[in-house]
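The values are calculated or read from the model by the stated rules, or taken from the named source; none is laboratory data. For clarity, every value in this text was computed on a predicted model and none was experimentally measured. Don't worry about glycine lacking a Cβ; one is built from the backbone with ideal geometry, like all the others, and counts go over all protein chains shown. Protein only, heavy atoms only, side chains kept; ligands, DNA and RNA dropped before computing areas. Shrake-Rupley method; radii C 1.70, N 1.55, O 1.52, S 1.80 Å.
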Amino acid sequence: MSSTTSNSQKVNLLKSMDFFRLLDSKTIESLAHECEEIVLDPYEILFNEGEQGDAMFVILSGELAVERQDAVIAKRVKGDHVGEMALIESGPRVATVKALSKTNLLKLSKRQFYSYFASNREALMEILKTISERSREDLAALDRSMKKLQAEKKVTSRLQDLLNNTSNEIYTLDPITLHFEHMNSQALKNLEYQSAEIAQLKATDIIGEIDPSELKGWINLLQSNKKDEIEFNAVHRRKDGSFYPVKTQLKITYSESSPIIVGISQDVSELREIEDKYNQLTFYDPLTGLPNRTLIIDELSAAVLKANKEDKKISVLLVDLQNFKTISNSLGHMMGDLLSLAVARRLETESPPNSIVGRGRDNEFITILPAPKNQSDSEEAARSLLDSFKIPFSINGQDIFVNLAIGISSFPSNGQSAETLIEQAETAAKHIAREGENVYCHYKPDMPFILKNKLLLEGDLRKGLERDEFELHYQPKLALETQAITGFEALVRWNHPERGVISPLDFIPIAEQSDIIVSIGEWVLETACRQMNAWLKKDLPIKNIAVNLSGRQFKQEDLVSNIKKIISDSGIHPEFLELEITETILMANLDTVTVKLRQLSEMGVKLSLDDFGTGYSSLRYLNSFPLNNIKIDQTFVKDISTEANATIAKAIVSLAKSFRLKTIAEGVESENQKAIMQSIGCDFIQGYLLGKPIPAKDVPQTLSSS
Ligand code: C2E
Ligand code: CA
Ligand code: CA
């Protein structure tokens, strides 16, 4: 029998294995050829628990046992793999693996593994999934050994059993001098003393972490019959000075009426280790190593208790990575994981000193700020986190920007319990979430209601489109030079079946938070263009129809071609369509917007800058966009009689003239306002003076009566 496996056997086996078969043949062949083959004799050990390792093994033939604490927890046969945890976690091996029979293995180092799978993300994902499932199996095994050890602990509570249990240290002490009188062999073994040496030893020489006076006090309690038994956690000092953790029980007994203290101590190092590992697995996020939500709730509960006693405050910052889903969907989950890790590290370094950073649900992180002095302290912390995220993450050579929404809740002003505080911070974060922006806000009691309302509306919006509940109203614009109505602005209305007419101010911002706005926007454009065509066919003297565009629509790659198609389907010439865009949209998407606006303008579509004066009012930019009109915002028109507003309106008009742009005053409600706008040289007015937005059917009537 040859001791090594032939290349074709290896290839065939790998091709039949769960995830290797996802690799192409060439890769499998070079893998089989290049990877080292290892042959184990029966009972030979592949690796030991606690050993460092950075390779996984594929079983070509034979059988392996996976052991933990000398108990076999699993067997692996031909076609299985072992040691794969080393691929994601470069820590010590969590189990011992040994051959049960002669076994041939293919060894893949971490480096080799990633280079073979680099080009096949699907395979890599499958492997990572398998590995995480294995770690869950391991967790179950740990759970079982914990239970076993805990059961043993119950046994220790019964003195009688303990005396027969050689795994415990049993000794007797003189209650006055605290000198040892007897020690069982287990105690001698653990403490590394000879029996002849113990007469010199006092309890205080070996028991650490316990104050000698406290020990004396306990013994007094036993002697005075105030207590039957004392139980405590401590450490024992070996002869060489090293320590190990113990759980100890002290009892009193009488030998010929003189009292003797009996001590039973259990070495709990193993239990502690398992507890640590168990805690690590159940209380920490495996990816980032941060405390998970469960542990954070524990920590926060403890902090609340303490703050309550000391009359201090606590703030909880819930940090939501708003665009994480988008990033991880487009760049892949591996990149998503790497990004989560980087985000975790940045949050740790950028959170104020003494704060606790942990992992929340999905794309959330939680920072607990102990003892902020006031509201502005927690705001300051939120702002500085937001600032630190202005620097992109560089992952595999790619710059990635992460947008945060931070919700803040505070003890005692908001919630009293850890869960409530976290939920409130979560609600606040959801309340302000707006993809593409970095925002923070404090929790307010009406937020859950608003949020629920928002969620309901969001669902209704989708249905609304299907059920044709939207309607356009048209508001006239008047040319001051000719005193004739020349165009209309299309303004959307929603006839909600239960709530009646809902203002666009209430539903557009909600629609903008998802893709619904794109569908609504398309519907508005189609309807307005078709309406314009109908009016033109009737020979109505209307020169243009204005339609509002929202920022999210501008993010669409195919915005321009969509608009082009809608216009040509409607049968109108592009010159009749005017698009209204706010400054905010321009500024937020400077690079992409410029190209799109130019294409629209070249097509013949007219462009207006809406709500001018309320945003950046950055005049420098006016030149770089192919605009036709500026709409002066209502706020400047409303109190036009005040000098300041008149000056602003006047400045906007003369500025527009210098750029050869026309001006439209919005919200003109009185003859006086109209007269002033006319006197400063404004070109058009729009507002309740001419009329409120009206349904299409009323338009001919309005035109003829003007
Ligand atoms: P906007 O583009 O500034 O539209 C003008 C708003 O001012 C309209 O409110 C209009 O009814 C109101 N208005 C007109 N004249 C007067 C007046 O003399 N006095 C007062 N107080 N108000 C006047 P509306 O229809 O409620 O629309 C509010 C906002 O909703 C619009 O502001 C626009 O930003 C948005 N919106 C409306 N329709 C659409 C749409 O189809 N798509 C998008 N993306 N946004 C829209
Ligand atoms: Ca508008
Ligand atoms: Ca406006």
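Criterion first (buried (at least 19 other Cβ atoms within 10 Å of the Cβ) and over 40 Å from the mean Cα position of the chain (by Cα)) does residue 60 satisfy it? Taking the combined requirement at face value, the residue satisfies it. The strands (runs of 3 or more DSSP E) found entirely in the stretch 1-80 that carry 1 or more residues being free of Cβ contacts under 8 Å to residues at least 12 places away in the same chain are 71-77. Note on the stretch 180-283: enclosed strands (runs of 3 or more DSSP E) holding 2 or more residues that are within 30 Å of residue 298 (Cα to Cα) are 229-237, 243-255, 258-267.
Looking at residue 366, is it touching a helix residue (DSSP H, G or I) at 6+ places or on another chain (Cβ under 8 Å), in the same structural domain as residue 298 (by TED's automatic domain parsing) and either farther than 22 Å from residue 294 by Cα or aliphatic (A, V, I, L, M) (or both)? Yes. All of 228, 240, 174 fail the test of being under 27 Å from residue 49 (Cα atoms) and outside the structural domain of residue 95 (by TED's automatic domain parsing), apart from 240. Somewhere in the stretch 569-580, is a residue surrounded by fewer than 19 Cβ atoms within 10 Å (Cβ to Cβ), assigned by TED's automatic domain parsing to the domain that holds residue 537 and either hydrophobic (A, V, I, L, M, F, W, C) or within 16 Å of ligand 3 (Cβ to nearest atom) (or both)? Checking the stretch 569-580: not a single residue is surrounded by fewer than 19 Cβ atoms within 10 Å (Cβ to Cβ), assigned by TED's automatic domain parsing to the domain that holds residue 537 and either hydrophobic (A, V, I, L, M, F, W, C) or within 16 Å of ligand 3 (Cβ to nearest atom) (or both). Among residues of the stretch 625-654 that are under 23 Å from residue 544 (Cα atoms) and open to solvent by 50 Å² or more (accessible area, probe 1.4 Å), those with a beta-carbon under 7 Å from a residue that is within 16 Å of ligand 1 (Cβ to nearest atom) and part of a loop (DSSP other than H, G, I, E, B) at least six positions away or on a different chain give the pairs 634/666; 634/667.
Inspection of the stretch 522-538 finds a residue satisfying the criterion of being at pLDDT 95 or above and outside any helix (DSSP H, G or I). Residues considered: 294, 326, 349. Of these, the only one that is at pLDDT below 85, open to solvent by 30 Å² or more (accessible area, probe 1.4 Å) and under 19 Å from the mean Cα position of the chain (by Cα) is 326. Scanning the stretch 475-506 for residues that are loosely packed, with under 14 Cβ neighbours inside 10 Å and near ligand 1 (Cβ under 8 Å from one of its atoms) yields 503, 505.
Starting from residues that are within 38 Å of the chain's Cα centre (by Cα) and hydroxyl-bearing (Ser, Thr, Tyr), keep the ones in the stretch 567-611 and report whichever is nearest to ligand 1 (Cβ to nearest atom). Only one residue fits best here, namely 582.
When the stretch 303-323 is filtered for residues that are within 18 Å of residue 403 (Cα to Cα) and more than 12 Å from the chain's Cα centre (by Cα), only 317 remains.
Only one entry in 510, 422, 485, 516 is closer than 30 Å to residue 377 by Cα and touching a Lys or Arg at 6+ places or on another chain (Cβ under 9 Å), namely 422. Scoring residue 667 on the criteria (1) open to solvent by 50 Å² or more (accessible area, probe 1.4 Å); (2) modelled with pLDDT of 90 or more leaves a single failure, condition (1).
Answer yes if at least one residue in the stretch 507-520 is within 14 Å of ligand 1 (Cβ to nearest atom) and without any contact (Cβ under 8 Å) to a residue 24 or more places away in the chain, and no otherwise. Yes, the stretch 507-520 has at least one match.
Counting only strands (runs of 3 or more DSSP E) wholly contained in the stretch 434-520, the ones carrying 2 or more residues that are assigned by TED's automatic domain parsing to the domain that holds residue 316 occupy 439-442.
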